[in-house]
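Quick notes on the structure that follows.
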Amino acid sequence: MATQAQIRSRGIAKNQVAGNSEIKSSVQGAIEAGLTLLRPLNNPNLVISSRTDAGVHALNSTVHVDLHSRSGNPFTESWITFVLNKCFDRQNQQIRVNKTEIVPDTFHARFSAKRRTYLYRLAVAKRTVASDEKVNSFVPIDEIDRCYFVQDPKFDTNLAHRAAELIKGTHDFRTFMGVTPQNRVHSFRTVRYIESIDIEPGESTGNIYTKSLADETYNYVNIRVTGRSFLNRQVRRIVAVILGVAQKHVTTREVYEMLTIPSKHNWPSRLECAPAHGLYLCQVHYDDKDKEFPVSESNRAIDQIDSESQQCRNELPH
């Protein structure tokens with residue numbers, strides 16, 4: 001019997017999360033360390049719904065893990081949530097478990113997902129800034145590493161939408177994949193379906209002391225991308241292309257060629273991948289039927305959970 005948890009976290013770089021007196025390299029490591037406080041019989045090995053780059057934020061992600069208790073009964077969902085959040089609070093970690101559910105063994109956090117929605121936050125300067133002054137441009141302190149601030153005021157919304165329309169649908173996205181020796185794949189594995197790309201006005205998330213100046217300085221833009229699965233850096237490269245077209249650094253004709261002649265050599269050298277800190281994993285969508293137990297197993301699980309609750313509390317060290 002597996003356990004599913006819905007979590008949110010701020011993007012972190014590697015080797016920044018501490019857990020069980022040793023440095024953990026990711027949010028995954030921090031959660032696994034917290035799960036050991038439940039004293040399961042097995043070593044918790046977390047399966048995450050989406051693999052994201054260091055620095056990407058998760059407003060809502062999903063994980064699953066198999067936990068074997070000493071009594072053989074499932075751990076109580078609310079108790080797992082409490083133990084993990086208490087652990088994160090004590091260690092001042094920017095991770096939060098929103099909800100925990102008991103799910104059947106057939107559920108898989110990654111492969112059961114029907115689609116994923118990402119948000120990219122842009123802030124485009126309203127006025128031209130001299131090259132030697134860009135480094136001194138105002139940036140809200142509480143939005144550093146939460147939004148990509150673009151100091152070039154050129155942003156044609158109509159061109160951005162035209163680029164998005166070209167990218168939507170089913171394509172071989174090899175050109176949009178970050179290429180490393182580890183992720184060289186065959187062409188049939190780089191075909192992806194982009195369900196939607198929405199480009200909408202955004203807003204500053206700054207506090208009352210910085211928000212008004214931020215709104216005077218920048219036009220905020222939200223780019224929301226939804227699809228079942230994505231290649232390495234694909235969403236960030238999609239954003240880079242949309243931004244490049246909107247600023248007239250690349251043409252829609254070049255975008256068409258990137259999609260119809262997929263190759264790492266077709267990526268324009270004048271475009272850089274959008275930074276990770278502007279990207280948010282917003283939602284992982286599932287079919288509720290995939291989380292349902294067969295009737296007989298569901299009744300047995302409910303009976304076991306009540307008897308396990310008090311035992312879990314007694315076993316947790318104070």
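With the requirement that a residue be open to solvent by 50 Å² or more (accessible area, probe 1.4 Å), of a type in the set (D, E, K, R) and touching a strand residue (DSSP E or B) at 6+ places or on another chain (Cβ under 6 Å), what does region 156-172 give you? Once the filter is applied, which keeps residues that are open to solvent by 50 Å² or more (accessible area, probe 1.4 Å), of a type in the set (D, E, K, R) and touching a strand residue (DSSP E or B) at 6+ places or on another chain (Cβ under 6 Å), region 156-172 yields only LYS168. Cβ-Cβ distances below 7 Å connect the following pairs, each with a first residue in region 199-221 that is within 30 Å of ARG162 (Cα to Cα), a second residue that is part of a loop (DSSP other than H, G, I, E, B) and small (Gly, Ala, Ser), and a separation of six or more residues or different chains: ALA214/SER204; ALA214/GLY206; ASP215/SER204; TYR220/GLY202; TYR220/SER204; VAL221/GLY202.
Residues in region 261-285 that are in contact with a strand residue (DSSP E or B) (Cβ under 8 Å, 6 or more places away or on another chain) and either in a strand (DSSP E or B) or open to solvent by 40 Å² or more (accessible area, probe 1.4 Å) (or both): HIS277, LEU279, TYR280, LEU281, CYS282, GLN283, VAL284, HIS285.
The residue list GLU308, GLU254, GLU297 contains one member that is modelled with pLDDT of 95 or more, in contact with a Pro (Cβ under 8 Å, 6 or more places away or on another chain) and among the charged types (D, E, K, R), which is GLU254.
Counting only residues that are of a type in the set (Ser, Thr, Tyr) and at pLDDT 95 or above, region 261-285 holds 1 of them. Tallying residues that are more than 18 Å from GLY178 (Cα to Cα) and hydrophobic (A, V, I, L, M, F, W, C) within region 232-274 yields 3.
Kindly indicate whether ILE102 is in a helix (DSSP H, G or I) and either within 19 Å of TYR280 (Cα to Cα) or at pLDDT 90 or above (or both).
So ILE102 does not fit the description; no.
Total residues in region 205-230 satisfying the condition of being within 20 Å of the chain's Cα centre (by Cα), open to solvent by less than 20 Å² (accessible area, probe 1.4 Å) and either modelled with pLDDT under 95 or among the aliphatic types (A, V, I, L, M) (or both): the figure is 3. Screening region 126-153 for residues that are open to solvent by 70 Å² or more (accessible area, probe 1.4 Å) and either modelled with pLDDT of 90 or more or of a type in the set (A, V, I, L, M, F, W, C) (or both) and picking the one that is nearest to THR226 (Cα to Cα) gives ARG146.
Does region 93-115 include one or more residues that are within 22 Å of the chain's Cα centre (by Cα), open to solvent by 50 Å² or more (accessible area, probe 1.4 Å) and more than 27 Å from LYS289 (Cβ to Cβ)? Yes, that holds for at least one residue.
The numbered conditions (1) at pLDDT 95 or above; (2) open to solvent by 60 Å² or more (accessible area, probe 1.4 Å) are all true for VAL245 except (2). From the list GLY72, GLY34, GLY19, exactly one residue is open to solvent by less than 10 Å² (accessible area, probe 1.4 Å), out of contact with any strand residue (DSSP E or B) (no Cβ under 6 Å at 6 or more places or on another chain), modelled with pLDDT under 85 and of a type outside the set (D, E, K, R). Which is it? Going through GLY72, GLY34, GLY19 in turn, just one is open to solvent by less than 10 Å² (accessible area, probe 1.4 Å), out of contact with any strand residue (DSSP E or B) (no Cβ under 6 Å at 6 or more places or on another chain), modelled with pLDDT under 85 and of a type outside the set (D, E, K, R): GLY19.
Of all the residues in region 243-270, those that are under 21 Å from THR128 (Cβ atoms) and either more than 27 Å from the chain's Cα centre (by Cα) or not charged (D, E, K, R) (or both) number 8. Taking the criterion of being part of a helix (DSSP H, G or I) and within 22 Å of ARG233 (Cα to Cα), no residue of region 30-52 qualifies.
The values are calculated or read from the model by the stated rules, or taken from the named source; none is laboratory data. Computed from a prediction, not measured in an experiment: that's the story for all the values here. FYI the Cβ positions are ideal-geometry reconstructions off the backbone, even for glycines, and counts take in every protein chain you see. Note: accessible area is taken over every heavy atom of the protein model, side chains too, but ligands, DNA and RNA are not part of it. Shrake-Rupley method; radii C 1.70, N 1.55, O 1.52, S 1.80 Å.
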